[in-house]
Amino acid sequence: MKEINIDTWNRKQHYQHFVALSNPFFAVTVPLDVTNAYQKSKINGKSFFVRYLHDCMKSINQVDNMRYRIKEGKVFDVDTIHASATIMREDNTFGFSWIHFNDDYDNFYNSFLEEKLRIQNNHELYPPINGDNCIHCSAMPWFNFTSQKEPVSGKLESIPELSFSKVVTTDNRMIMNVAISVNHALVDGYHVGQFVELFQEYLDI
């Protein structure tokens, strides 16, 4: 973890402006083409959710500003960002997971399976490991949405929040809307654009 020198940061004024707001988050919802990712996951007999989540996490970890976190008034670039995703239980409740990021898909998949098993065998909401070196994300495959609002804690947060919609078919392409909520003190539209572009590139592979 590396501290960002706010005094020499080219976003110093932007940071100071937005961090002083009661809710400095902004949110966008973007459509992504998941046709290739969905078809390949089904052919391979793998989870489509884990496939696109892994693509998402690879993209998050490659965009500097998406790794930035605020700690005690300082800004840090976190080495690795993991996935804290909601995982459903049979009783339709959910638990928060901690899926360790790894560039290798199989290692990431195994981490997901371990967390899925843990959550399905207890009633705890929070994972044993927790922290801000993650993104919070949830899949809502029951419906398509074009906008989405995250709960607000009232505290100064810096963790990006993502939600994934139901996949719909348009002009023979499978489209999934992704809601992205980020702290504007750390992340601008340009950085979200970098993330979205990378995410789409990985989904297309």
Residues within the stretch 43-64 that are touching a helix residue (DSSP H, G or I) at 6+ places or on another chain (Cβ under 7 Å) and either among the acidic types (Asp, Glu) or over 21 Å from Ser138 (Cα atoms) (or both), tallied: 1
If you check Phe49 against the conditions, is it of a type outside the set (Lys, Arg), surrounded by fewer than 18 Cβ atoms within 10 Å (Cβ to Cβ), at negative phi and touching a residue at least 60 places away in the same chain (Cβ under 8 Å)? yes
In the stretch 98-136, what count of residues is obtained for those that are under 17 Å from Phe48 (Cα atoms) and touching an Asp or Glu at 6+ places or on another chain (Cβ under 8 Å)? 1
Just to verify a result, which residue in the stretch 17-42, among those that are assigned to a helix (DSSP H, G or I) and in contact with a helix residue (DSSP H, G or I) (Cβ under 9 Å, 6 or more places away or on another chain), is surrounded by the fewest Cβ atoms within 10 Å (Cβ to Cβ)? Lys42
Which one of these is buried (at least 17 other Cβ atoms within 10 Å of the Cβ) and without any contact (Cβ under 8 Å) to a residue 24 or more places away in the chain: Asn107, Asn102, Asn65? Asn102
Being surrounded by 13 or more Cβ atoms within 10 Å (Cβ to Cβ), touching a residue at least 24 places away in the same chain (Cβ under 8 Å) and assigned to a helix (DSSP H, G or I), is that true of even one residue in the stretch 72-91? no
Does Gly45 satisfy the criteria of being in a loop (DSSP other than H, G, I, E, B) and more than 15 Å from His184 (Cα to Cα)? yes
Report, ordered by the first and then the second residue, all pairs with beta carbons closer than 7 Å, sequence separation of six or more or different chains, a first member in the stretch 4-16 that is within 11 Å of Leu186 (Cα to Cα) and at pLDDT 95 or above, and a second member that is assigned to a loop (DSSP other than H, G, I, E, B) and small (Gly, Ala, Ser). Tyr15/Ala185
Filter the stretch 18-37 down to residues that are in contact (Cβ under 8 Å) with a residue 60 or more places away in the chain, over 16 Å from His191 (Cβ atoms) and not aliphatic (A, V, I, L, M), then give me how many there are. 6
What number of residues in the stretch 154-177 are more than 29 Å from Asn10 (Cα to Cα) and either of a type in the set (A, V, I, L, M, F, W, C) or in contact with a Lys or Arg (Cβ under 9 Å, 6 or more places away or on another chain) (or both)? 7
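The values are calculated or read from the model by the stated rules, or taken from the named source; none is laboratory data. Note that the structure is predicted; figures quoted are calculated from it, not measured. Ideal geometry is used to build each Cβ from the backbone, glycine not excepted, and the neighbour counts take in all protein chains shown.
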